[in-house]
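Report on one structure; see the data block that follows.
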Amino acid sequence: MLPRVLPWRLARPILEFLERRQAEAGMAHEWEMIAASLDRLGAVPGAASEFTRGPGFHCDRNLIRLADHLLSESKAFIETGSYVGFTTYHVGARYGGLPVFSCDVDPSALKIARRQCRAHACTRIDEVGSPDFLYRLFEAQPDLASGCCTFWLDAHWGEDWILDKEIEFLTRTIATGFIMIDDFKIPGRPEFRFDSYNGTDCDLELIRPALAPGKDYSLVTPTYDLVSSGLTNISGTEVTGGLTGAVALVVGHPDFELPADLVDSYAVTNLSA
């Protein structure tokens, strides 16, 4: 059914994602709605998907709570790598009038992301790669540099590592902000998946040299386990390999502290010393 509407290279990972999350996540109602949308999709030839409107940020309850806190103090959400719009849609739907800027280079994925976010007037998804997306955005809207924004960097993949270029540009450009980085290696926590290409890991050692000097930095890293993330099956037992590492680089907030409801799930490390 789905391959008639989408190319199989897109349909297969989406189906695998949905099947895994439907089995793992403690959010049964949301995923029942997604499954129902999947059933309807075959009757609408050529339609873009309605089924990716599940929770963003990997459906990780703790990561969503962290994003909630950071976004509550932000004037915009800026994402690199929308894919089919899981997190793009989530933020646009959850935060109403908050400006959402995103990008992707895959035309098929971009079409789906735009279609499912079409009702969000404050969401814009550009067909351009990062870091060019960031360069153009800040050139067109320089006021973003002086206000606190939350970023979600998720365009690092393949042979061309761009994360260090993104970090270098953002830390040189913004006064304050929260740079969330997906697929990040969490030291001492092998249960968190992370990206690695050609022997280079997505970790602190990759981004540290890219940090612009003369600013205050701290890194927010997860300390929670799989059960508290919400990525458990119906019986509450753990699902192996269900966690994806994600951190937040805090820029220009020397006295940054987590709220009381997050201190059991995250730790803050000062990187400025």
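When the range 117-146 is filtered for residues that are touching a Lys or Arg at 6+ places or on another chain (Cβ under 6 Å) and either without any contact (Cβ under 8 Å) to a residue 24 or more places away in the chain or not β-branched (V, I, T) (or both), only P131 remains.
Would you list the helices (runs of 4 or more DSSP H) that sit entirely within the range 54-144 and hold 1 or more residues that are in contact with a strand residue (DSSP E or B) (Cβ under 6 Å, 6 or more places away or on another chain) and more than 19 Å from H156 (Cβ to Cβ)? Please lay out each step first, then the result.
Working: elements: 61-71, 86-94, 107-116, 132-140.
Counting at least 1 such residues, we get 61-71, 86-94, 107-116.
Here the range 227-260 is the region considered, the condition is being modelled with pLDDT of 95 or more and not in a loop (DSSP other than H, G, I, E, B), and the residue that is nearest to H58 (Cα to Cα) is A246.
Of the residues contained in the range 185-202, one or more are found to be aromatic (F, W, Y), modelled with pLDDT under 95, in the same structural domain as L66 (by TED's automatic domain parsing) and not in a loop (DSSP other than H, G, I, E, B).
Against the conditions (1) surrounded by 20 or more Cβ atoms within 10 Å (Cβ to Cβ); (2) touching a Phe, Trp or Tyr at 6+ places or on another chain (Cβ under 9 Å); (3) of a type in the set (S, T, Y), Y217 satisfies every one except (2). Note on the range 145-170: residues that are buried (at least 20 other Cβ atoms within 10 Å of the Cβ) and either among the acidic types (D, E) or touching a Phe, Trp or Tyr at 6+ places or on another chain (Cβ under 6 Å) (or both) total 3.
The values are calculated or read from the model by the stated rules, or taken from the named source; none is laboratory data. The structure displayed is predicted, hence computed values, not measured ones. Note: ideal-geometry Cβ built from the backbone for every residue, glycine included; neighbour counts use all protein chains shown.
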